[in-house]
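Right, one structure below, let's go through it.
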Amino acid sequence: MSSVLETLRKALGRNSNHQEHDYLYPHARALESGLNLRNLPMPPVDKVFICLRMTKATSFSDYFLNMYSPREATLADLIIVNGGLYWMFRQCKHAVTDPGQKADFEAQAVICRDNLETILANLPFHQPSKLETVSSMIIACIYCLETCKPSAAWGFVAAASHMSQKLGMHSKVTMAQDPPEIRAVKIKLFWLVYVQEKSLSLRLGRSSTIRDSDITIPVPGIDSLSEISYFSQLDKMKDLAHLQGKIYDQLYSSCALAQPQHIRTNRARRLAAELEKLYADALRQATSNGFLEAFVCTGKVIHLSLICLVYRAIPPEANQGTIFGKECISSAHKALEAHRKWMALLHSPFVPFIVIFCHIIETCDKSNLDLLESVIKTLQSATDSVPSSGVRKEYHLFKALYDAACSYIEARLSKANLGLRLWANTSSSADLLSPAHQQPVILTPMSNLQSSQTTARMSLDGTAEWMPQSFETPGGAELDQYGAQLGNWLHMNNQMTRALEDSYFWEDLM
């Protein structure tokens, strides 16, 4: 897979010599002599007051006052204030019509963004386990997700998870002596950590750091009609996060891949039914509360993307003649159609896009190219309106994959000799061997990104360890053929997700 990604990287004009510090936080300031994190430049007080009044962020006032006073501020305070002001100034920017005001709010947001990245770039490994630190880790996680740094986001949410459990925020007994208002804050914060952690666990293919059986606290209800929609949906978000954890554990963990296929299929169908029920309940609740249609449709995209991932674990029917089952392809279509209409997302449905992309390479079905193209056009039109570099990164990657698919189909239809293979590892282990050398190779349309006129035969470093007969499982259990294919596909899909990290795309997005 490394050579596949290397080809993609070269085709996109990137080099791999950047330090992690540079590509994770490209806007971080250099701490010159005499400058420390506490005296970073901040937006003027009067402009902050305007922003606070416009956004009605009363709960943020204490942190703000502490930051703008001579008192000592912790690193957690610095993250919370700069992260909060960054998002609030952006919100204010989109709430005004005057070009001068828009530019001014944007300038203040940039100051806070640069401060935030400077703080994160200089953050010590060890942080005190306090409520404020947990909050700051979640803010850092959400910021990294917004800028398409899922691996960095995982580091922050995992830290928040460990801290919150150390503080007993998941336990009724531990919080029994806390004042009711503190207990309420802890419960809400823990479930926010839970939602982000379970989602990222599945997205990155990593085991969760939270055991559901250890949680004894309830999910908070709606405090009042004025409760913001995010918290009013927290019960549904928790249920969805719980299902995301089950999807990984029951379908995609090493232990699950070692199970007989009929067990995974039965599990997948049960999980799909649970997802359908959860979405129907959430839809009724959202409609009854009068939430915006865009909010409902965003949930629809997430739901369909998860359904697609669940159905991916079910093999196609014997006479279907394709890698992906009909239900997987259909849900991928629906997810991309919904996403094309609604761009209110932090990150695009990567799995549905890859499913359709691979299906095109497998079947040479040109009709599906139109769907991918429509998604790319939606991303392209959103690059100016959506204030997130993540959208631009997704556009670059998806456009590269789309161009590869177009070149491949054109070459196939012109009967050019391009021995190409999609990532999904087709029918048998024998198919993974090069007849000429009897060495494991993977052939991929990535090579078309450089030239559609050359034969794409790239050896994959370490491919042998991904062969079905040697796929690692607990206790040395053997995988069936489809389980091995599924494990390979998940690993390579996760590696492609890494292409959205700044090590590939940061230069064009600063």
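The values are calculated or read from the model by the stated rules, or taken from the named source; none is laboratory data. The structure presented is a predicted model; accordingly, all values stated were derived computationally and were not measured. Glycine gets a Cβ as well: all are built from the backbone with ideal geometry, and neighbour counts include every protein chain shown. Note: areas computed on protein heavy atoms with side chains; ligands, DNA, RNA excluded. Shrake-Rupley method; radii C 1.70, N 1.55, O 1.52, S 1.80 Å.
Here are a few things to note about the model shown:
- Test set (1) of a type in the set (A, V, I, L, M, F, W, C); (2) at pLDDT 95 or above; (3) out of contact with any Phe, Trp or Tyr (no Cβ under 7 Å at 6 or more places or on another chain) - residue 112 fails condition number: (3)
Yes/no matrix, rows are residues, columns are (1) of a type in the set (A, V, I, L, M, F, W, C); (2) farther than 18 Å from residue 198 by Cα; (3) modelled with pLDDT of 95 or more:
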| position | (1), (2), (3) |
| --- | --- |
| 226 | no, yes, no |
| 229 | no, yes, no |
| 236 | no, no, no |
| 242 | no, no, yes |
| 246 | no, no, yes |
| 280 | yes, yes, no |
| 296 | yes, yes, no |
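- Hey, residue 18 at pLDDT below 85, open to solvent by less than 80 Å² (accessible area, probe 1.4 Å), at negative phi and in a loop (DSSP other than H, G, I, E, B) or not: yes
- Screening residue 128 with (1) within 25 Å of residue 31 (Cβ to Cβ); (2) at pLDDT 95 or above; (3) not in a helix (DSSP H, G or I) gives one miss only, at (2).
- In the set (1) open to solvent by 40 Å² or more (accessible area, probe 1.4 Å); (2) more than 30 Å from the chain's Cα centre (by Cα); (3) over 24 Å from residue 156 (Cβ atoms), residue 102 fails one condition alone, (2).
- Enumeration of residues in the stretch 204-224 that are in contact with a helix residue (DSSP H, G or I) (Cβ under 6 Å, 6 or more places away or on another chain) and open to solvent by 50 Å² or more (accessible area, probe 1.4 Å): 222
- Checked against (1) in a loop (DSSP other than H, G, I, E, B); (2) exposed (fewer than 11 other Cβ atoms within 10 Å of the Cβ), residue 26 passes all but a single condition, namely (2).
- Index of the failed condition, residue 302 passing every other in (1) at pLDDT 90 or above; (2) open to solvent by 40 Å² or more (accessible area, probe 1.4 Å); (3) within 30 Å of residue 259 (Cα to Cα): (1)
- Number of positions in the stretch 113-130 that are of a type in the set (A, V, I, L, M, F, W, C), in contact (Cβ under 8 Å) with a residue 12 or more places away in the chain and farther than 11 Å from residue 80 by Cβ: 3
- Selection of helices (runs of 4 or more DSSP H) fully inside the stretch 313-423 by the criterion of at least 3 residues being hydrophobic (A, V, I, L, M, F, W, C) and modelled with pLDDT under 85 returns 389-413.
- Selection over the stretch 30-40 of residues that are touching a residue at least 12 places away in the same chain (Cβ under 8 Å), closer than 15 Å to residue 77 by Cα and in a loop (DSSP other than H, G, I, E, B) gives a count of 1.
- Which listed residue is small (Gly, Ala, Ser), part of a helix (DSSP H, G or I) and out of contact with any Leu (no Cβ under 9 Å at 6 or more places or on another chain), from 152, 184, 176, 160: 184
- Residue list for the stretch 187-215, filter: in a helix (DSSP H, G or I) and not hydrophobic (A, V, I, L, M, F, W, C): 188, 194, 196, 197, 198, 199, 201, 203, 212, 213, 214
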